[in-house]
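Q: Have a look at the structure that comes next, please.
The values are calculated or read from the model by the stated rules, or taken from the named source; none is laboratory data. Since the model is a prediction, treat every value here as computed from it, not as a measurement. Ideal geometry is used to build each Cβ from the backbone, glycine not excepted, and the neighbour counts take in all protein chains shown.
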Amino acid sequence: MLNDADLERYARQVIMPHVGEDGQEKLLGAKVLVVGAGGLGAPVIFYLAAAGIGHITIIDDDMVSRTDLNRQIIYREEDVGRAKAQLAAQAAQAINPDIQISHFITRLTKGNVENLVTAHDVVVDCSDNAATRYLLGDSAHQYERTLVFGGAVRMEGQLAVFQSSVAGHAGTACYRCVFPSMPDAKQAPGCSEAGILGPVTGIVGSLQALETVKLCMGHDSGLTGSLLLIEAGQTDFMKIATAPRNDCSCCGDQQAAG
Ligand SMILES: [Zn+2]
């Protein structure tokens with residue numbers, strides 16, 4: 001049951017038929033893991049806290065640099081040199097003191113990924129490196145969790161929801177079906193080499209937050225089995241269908257047989 005404070009705080013979304021009191025209760029009961037508190041993580045963390053996701057865990061091992069401030073809008077000039085995960089948790093708690101926020105100042109590794117992923121309903125990939133992305137993609141499939149993937153570099157963004165082993169969506173593409181092999185740094189340069197415009201991460205992160213909120217209410221995402229490509233130079237959004245691959249090393253037949 002929502003109390004009076006909840007009904008006031010969440011009034012503008014509870015009034016909507018898409019949410020209602022039932023949807024808000026689901027949001028308050030949801031557990032979301034946010035991996036990375038950078039350009040994508042900033043809007044994700046802000047919006048999830050504001051919407052009343054009841055349990056948010058933030059993991060990031062990085063400290064704030066001055067070069068982050070063009071896009072990582074959760075941080076201030078005086079935050080340079082301090083741990084992002086802790087600052088992000090404080091900022092989210094300041095927006096919404098009624099939810100539980102945990103943070104870990106560490107990297108996602110093979111050693112901690114199982115405990116972290118299985119303790120949450122939805123995992124949001126806001127990381128900035130291929131090793132973490134593949135680890136998360138494989139783990140989300142293995143532990144039957146929903147993965148909300150986002151990426152942004154230069155003027156381009158990507159977004160997808162992976163539910164390859166989640167009831168009702170089993171057999172849809174996993175992360176590795178769509179991105180079969182880990183690119184090297186030359187093929188897929190990161191923001192530090194290629195650059196990034198802040199609002200592009202804002203768009204992708206905001207869409208990741210939107211899909212997460214819908215999924216936490218039990219709604220379909222609209223991006224399961226799809227990849228959304230954003231080209232910000234021409235303001236072009238294109239949604240393409242993704243297909244599972246039989247030879248996928250994560251979810252394919254060979255994997256199941258072996
Ligand atoms: Zn696959």
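Q: Assess whether P180 counts as being in contact (Cβ under 8 Å) with a residue 24 or more places away in the chain, away from the ligand (no atom under 16 Å from the Cβ) and in a loop (DSSP other than H, G, I, E, B).
A: Answer is no for this residue.
Q: So, one more: Please go through (1) touching a strand residue (DSSP E or B) at 6+ places or on another chain (Cβ under 9 Å); (2) surrounded by 21 or more Cβ atoms within 10 Å (Cβ to Cβ) for G54 and return the number of the only condition it doesn't satisfy.
A: Going through the list (1) touching a strand residue (DSSP E or B) at 6+ places or on another chain (Cβ under 9 Å); (2) surrounded by 21 or more Cβ atoms within 10 Å (Cβ to Cβ), G54 breaks only (2).
Q: Do the conditions hold for H169, that is, is it in contact with a His (Cβ under 8 Å, 6 or more places away or on another chain) and at pLDDT 95 or above?
A: Answer is no for this residue.
Q: Every residue in segment 156-177 that is surrounded by 17 or more Cβ atoms within 10 Å (Cβ to Cβ), among the aliphatic types (A, V, I, L, M) and either under 17 Å from the mean Cα position of the chain (by Cα) or more than 13 Å from the ligand (Cβ to nearest atom) (or both), please.
A: Those that are surrounded by 17 or more Cβ atoms within 10 Å (Cβ to Cβ), among the aliphatic types (A, V, I, L, M) and either under 17 Å from the mean Cα position of the chain (by Cα) or more than 13 Å from the ligand (Cβ to nearest atom) (or both): L159, A160, V161, V166.
Q: Report every pair of residues separated by at least 6 positions or lying on different chains whose Cβ atoms are under 9 Å apart, first residue within segment 183-203 and under 18 Å from R133 (Cβ atoms), second modelled with pLDDT under 75 and loosely packed, with under 12 Cβ neighbours inside 10 Å.
A: E193/A185
Q: Which residue out of D68, D125 is of a type in the set (D, E), surrounded by 20 or more Cβ atoms within 10 Å (Cβ to Cβ) and in contact (Cβ under 8 Å) with a residue 60 or more places away in the chain?
A: Result of the check over D68, D125: D125.
Q: Sticking with this structure for a sec: Restricted to segment 215-248, and to residues that are outside any loop (DSSP other than H, G, I, E, B), within 17 Å of the chain's Cα centre (by Cα) and within 16 Å of the ligand (Cβ to nearest atom), which residue is nearest to T146 (Cα to Cα)?
A: That would be T224.
Q: Follow-up question, since we're still on this one. Name the strands (runs of 3 or more DSSP E) wholly within segment 45-158 that hold at least 1 residues that are among the acidic types (D, E), touching a helix residue (DSSP H, G or I) at 6+ places or on another chain (Cβ under 8 Å) and modelled with pLDDT of 95 or more?
A: 122-125
Q: Within segment 183-214, restricting attention to residues that are assigned to a loop (DSSP other than H, G, I, E, B) and surrounded by 12 or more Cβ atoms within 10 Å (Cβ to Cβ), which residue is modelled with the lowest pLDDT?
A: Only one residue tops the list, namely A188.
Q: Could you grab me the full set of residues in segment 161-181 that are among the small types (G, A, S) and closer than 20 Å to D247 by Cβ?
A: Answer for segment 161-181, where residues must be among the small types (G, A, S) and closer than 20 Å to D247 by Cβ: S164, S165, A170, G171, A173, S181.
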